[in-house]
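The values are calculated or read from the model by the stated rules, or taken from the named source; none is laboratory data. Since we're looking at a predicted model, the values are computed, not measured. Cβ: placed from backbone, ideal geometry, glycine included. Neighbour counts: every protein chain shown.
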Amino acid sequence: MKTLLYTLAILLFVTCHVSPVTLSAQTPLKPYNENQDVRADLKKAASQAKKENKHVLVQCGGNWCPWCIRFHQMASGAKQIDSLLQADYVYMLLNVSQDKKKRDYQLLGELGYPNRFGYPVFLILNGDGKVLHIQDSGILEHCQAKGYDTTKVVTFLKMWNVRAVDPATYSIK
C-alpha cells in the first residue's frame, strides 16, 4: 500500500510540473523574419556570395510551415549539412506570408515561380542573384521517417556548389 501511495505521489508531482501551462509557455522556434525586406536581403546575400565565391541557398517558406521549420532545424543541427552550408553557401530564409493576399507574386515570378512546388522550396542563386536551380523539398524527405534525409540533402548541396557547376571543374588538364 505504501508503494502505491508513493507511486501516486510521484505521478502527481510530475504531472503538476509538466502541465500544459508549462509546455505552452515555451516559445516556438520562429526562424523566419516576418518583417523582412526580401529584395534587400536577396541583394545582400548575392553580394556576399560573390565576394566569398559561394552560391546562395534560399529557403522559401515561413514560420507557419512545419516542414520549413524541420529543414531549418536540421540544417543548423546536422554537423555535415551545417559545414557544407558554411563552406559553400550563403544560407538565407525568405519569408513567404501565410496570407496568400500578402505574398509578393511579382518577386516569385522573377525567381521562376518556386511557389509551384509548395513550401519549403529551395533556390540556388549565383553571386549575381541569378537563379541557377529550383529544388522541390519533397524529394529531400526521408522515405521512412518524418523529416529530411541527410544523405539526400548533402548530395543536393554538393551538386549545386560553385565547383560543381563550374565547367573548369570538368576540363581535361
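Considering only residues in region 86-107 that are aliphatic (A, V, I, L, M) and more than 11 Å from the chain's Cα centre (by Cα), the one that is surrounded by the fewest Cβ atoms within 10 Å (Cβ to Cβ) turns out to be A87. Consider region 38-57 and keep the residues that are of a type in the set (A, V, I, L, M, F, W, C) and out of contact with any helix residue (DSSP H, G or I) (no Cβ under 7 Å at 6 or more places or on another chain). The one that is surrounded by the fewest Cβ atoms within 10 Å (Cβ to Cβ) is A40.
What about D82, is it in a loop (DSSP other than H, G, I, E, B), among the acidic types (D, E) and at pLDDT 95 or above?
Details: in a loop (DSSP other than H, G, I, E, B): no; among the acidic types (D, E): yes; at pLDDT 95 or above: yes.
So D82 fails the test.
Restricting attention to region 120-173, the residues that are at negative phi and part of a loop (DSSP other than H, G, I, E, B) total 17. Cβ separations smaller than 6 Å between residues 6+ apart or across chains give the following pairs from region 48-69 residues that are in contact (Cβ under 8 Å) with a residue 12 or more places away in the chain and over 10 Å from Y89 (Cβ atoms) to residues that are surrounded by fewer than 17 Cβ atoms within 10 Å (Cβ to Cβ) and among the basic types (K, R): N63/K30. Out of L157, L140, L132, one residue alone is among the aliphatic types (A, V, I, L, M), more than 15 Å from the chain's Cα centre (by Cα) and surrounded by 10 or more Cβ atoms within 10 Å (Cβ to Cβ). It is L132. So for region 26-37 (the condition being of a type outside the set (S, T, Y), loosely packed, with under 11 Cβ neighbours inside 10 Å, modelled with pLDDT under 95 and more than 15 Å from the chain's Cα centre (by Cα)), does at least one residue qualify? Taking every residue of region 26-37 in turn, at least one turns out to be of a type outside the set (S, T, Y), loosely packed, with under 11 Cβ neighbours inside 10 Å, modelled with pLDDT under 95 and more than 15 Å from the chain's Cα centre (by Cα).
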